[in-house]
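The next block holds one structure in the form of structure tokens; read it before the comments.
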Amino acid sequence: MPQKFDTRKKYLLISDERHAALKPDDLLREFGLHAGDTIADIGSGPGFFTLPAARIVGEKGHVFAADIQGEMLTAVKSRATEAGLTNVRVVKTSETEIPLPPDSCDMALLAFVLHELGSHAIFLHRAARILKPTGKLVVMEWEKHQTAFGPPLEDRITPDELVADAEAAGLHVEERRQLDDDQYALVLMRT
């Protein structure tokens, strides 16, 4: 069974070092997030991508911060309130369900979370159903080699494995991007 992120270390997910390395505001814009959009940050953790997304989509946009861990949802809700962001709604998920309406999101984000789940293709299929017909599913993951940080090597997914899972879920790769030496992203769309 894949290892879940230890919520006691959630501060690592919102560190200044991680912000400097990934630049979440820039990354979300590069992937096509705009003012007025609706995005689901699935596996939001304490809101590393949620808060920048909320600022980008603005008052007319919506952000669903979805996570399986209640402690993470409490953290993201608190951080959004402190930042004065009123367009963030927290949603409790499970390993098999994402309780959001079909065809409701311009973008869904699975940032470094898919490796924590057992059935990748099934989960990708469920994530894809919440997308509008032209919506994007952005998946960021760790390369399958040893790194100083990140999930256990046996839980990691290679880009080729992710492509196969995406295709099994009825998705095609719109874009493939190397974030750095240790992390990559795929932009997926419905076939």
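The values are calculated or read from the model by the stated rules, or taken from the named source; none is laboratory data. Quick caveat: nothing in here was measured; it's all calculated off a predicted structure. Note that each Cβ is placed from the backbone with ideal geometry, even for glycine, and that neighbours are counted across all protein chains shown. In case anyone asks, the SASA skips ligands and DNA or RNA and just uses the protein heavy atoms, side chains included. Shrake-Rupley method; radii C 1.70, N 1.55, O 1.52, S 1.80 Å.
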Identify, from the list ALA40, ALA65, the residue that is touching a residue at least 24 places away in the same chain (Cβ under 8 Å), in contact with a Cys (Cβ under 6 Å, 6 or more places away or on another chain) and either closer than 13 Å to MET107 by Cα or of a type in the set (Gly, Ala, Ser) (or both).
-> ALA40
Out of (1) part of a strand (DSSP E or B); (2) crowded, with 21+ Cβ neighbours inside 10 Å, the one VAL91 does not meet is (2)
In region 19-45, anything at pLDDT below 95, at negative phi and surrounded by 15 or more Cβ atoms within 10 Å (Cβ to Cβ) is listed as LEU22
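With the structure loaded, tell me whether PRO102 is part of a loop (DSSP other than H, G, I, E, B) and modelled with pLDDT of 95 or more or whether it fails that test.
Spelling it out, PRO102 is indeed part of a loop (DSSP other than H, G, I, E, B) and modelled with pLDDT of 95 or more.
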Does any residue in region 72-89 that is farther than 16 Å from ILE56 by Cα come within less than 6 Å, Cβ to Cβ, of a residue that is of a type in the set (A, V, I, L, M) six or more places away or on a different chain, and which pairs are these?
-> LEU73/VAL90; VAL76/ALA65; LYS77/VAL90
Would you mention how many residues in region 127-145 are among the charged types (D, E, K, R) and under 17 Å from ALA164 (Cβ atoms)?
-> 3
Going by the conditions given, is GLY170 at positive phi, touching a Ser or Thr at 6+ places or on another chain (Cβ under 6 Å), touching a residue at least 12 places away in the same chain (Cβ under 8 Å) and open to solvent by 10 Å² or more (accessible area, probe 1.4 Å)?
-> yes
Does GLU97 qualify as being open to solvent by 60 Å² or more (accessible area, probe 1.4 Å) and at pLDDT below 95?
-> yes
Within region 112-134, can one find any residue that is at negative phi, in contact with a His (Cβ under 8 Å, 6 or more places away or on another chain) and crowded, with 16+ Cβ neighbours inside 10 Å?
-> yes
Keeping to region 49-76, report how many residues are more than 16 Å from the chain's Cα centre (by Cα) and either part of a strand (DSSP E or B) or farther than 20 Å from HIS19 by Cβ (or both).
-> 7
If you check GLU141 against the conditions, is it part of a helix (DSSP H, G or I), at pLDDT 95 or above and either open to solvent by 60 Å² or more (accessible area, probe 1.4 Å) or touching a Phe, Trp or Tyr at 6+ places or on another chain (Cβ under 8 Å) (or both)?
-> no
